[in-house]
Each structure stands twice: as structure tokens, then as C-alpha cells.
Amino acid sequence: MRVVIAEDSVLLREGLSRLLADGGIETVAAVGDGPSLVEAVRVHNPDLAVVDVRMPPSHTDEGLRAALEIRSARPGFPILVLSQYVEERYATDLLGAGAQAVGYLLKERVAEVAEFLDAVRRVARGGAVIDPDVVVQLLGRRRHSHDRLTARETEVMGLMAEGRSNSAIAARLVVSEGAVEKHISSIFLKLALDPAPDDHRRVLAVLAHLGHRQ
């Protein structure tokens, strides 16, 4: 796998490159601003871009805007965004642009190396990964939209947002896989998600709760 990193902190850029290399992932370019990210993706044609939200010159949303520009030119191009804090607008802008091959993680998750590398690989394969803290905050602000779900169903959906399989959710909640399947079926029914490949409906369920039904 070949990756481009966009992060204005030289130290973090080097750290990410080393973590990825240790996981067998090649960093083909590491840049510090949005325009350089767009150019690096054009030149190197990587499998995924790991992007900081805030980069020069204003340190607001340059990284996100560059990511959205890339997705506009290359629909479905895998983007994993890293953010220092839970920033609702940035998360929903990115997720609203497409439900596949996209991730939004807090930078603190990088310290959980195995899970971070797993998230990189899942996004590169076309999956969606949403930081659990982002899910909690966004769902909390839209509590009226998910009152239909039980507390357990909300837990299951949060784990779905992390990209967990049914068996992994069952292990985390200490229930059977059959119980997890029933909860997921109930979620799909309550959110009026028509039959479709399960992976796709799992992403749609999370996005529907975030107010971005695809």
C-alpha cells in the first residue's frame, strides 16, 4: 500500500511515516499544506491520503478542503482525516461527501498503533471509519433523531461506526453474534434502510444518525 501524508508538524509527519513503515505501508510523499497534498496525490497516485484538518496558512480547514477537492476530482479516493479535537462541521462535511473510503479519527488514536493501522487499511479498501468520540458527540447533539433506538442499539451502532465486525461487536458487548445481528436488523428497520449489501447499510445507518442520509 502507498500513502501520502499531509501534516504541518514535521515531527508528527515523521512519526506517522515510521508507524506506517513498521506496518508494511509505504509513504510516497509527506507534505505540510493543502495545495501540496493535491499535487502529491496527482503525481504519486497513492492508495490513500492521511490528512490533518488544520494546516497553513490559516490553520483552520485547509486540509479538509484539499481532501474534498481530491474527492471531487477523484470520487471515492480513500481519505483518512486526523483531527486534534472533535470538530462537528469538519466531520459532517467529509462524511456528507461520500460514505465509502473515508475516515475521521482523533489524533490521539494514532497512539493505538494496531487500531490506527487497521483503520488505514479499512479505509484504503473502501470502508468507513469514524472515531467513537466523534460519534458520541454528534449523536448527542442530535438526540431527537435517534430516540427510536434503544440504548443497546445505539451502542451497537457506535461500534459499527468504528468498522467493527459482528463478531467483534459481540465480543466487546459480551453477547452472542445472533444478538448483534438482531440489533443491527432492528436498526436498519427503524432507520428505514432498504435491503442492500450489509457493509453499505452499516455506513448508511451511521450517516443517517448523523443527519447525512445518503
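Could you tell me the accessible area of GLU155 in Å² (1.4 Å probe, neighbours in place), rounded to the nearest ten?
For GLU155, solvent-accessible area is about 90 Å².
Any idea of THR60's accessible area? Nearest 10 Å², probe 1.4 Å.
60 Å²
Let me check something: with ligands and nucleic acids excluded, how do HIS183, HIS59 order by accessible area (1.4 Å probe), largest to smallest?
So the residues, ranked largest to smallest area, are HIS59, HIS183.
The values are calculated or read from the model by the stated rules, or taken from the named source; none is laboratory data. This structure is a prediction, so every number in the text was calculated from the model and none was measured. Remember, those area values only see protein heavy atoms, side chains included, never the ligands or the DNA or RNA. Shrake-Rupley method; radii C 1.70, N 1.55, O 1.52, S 1.80 Å.
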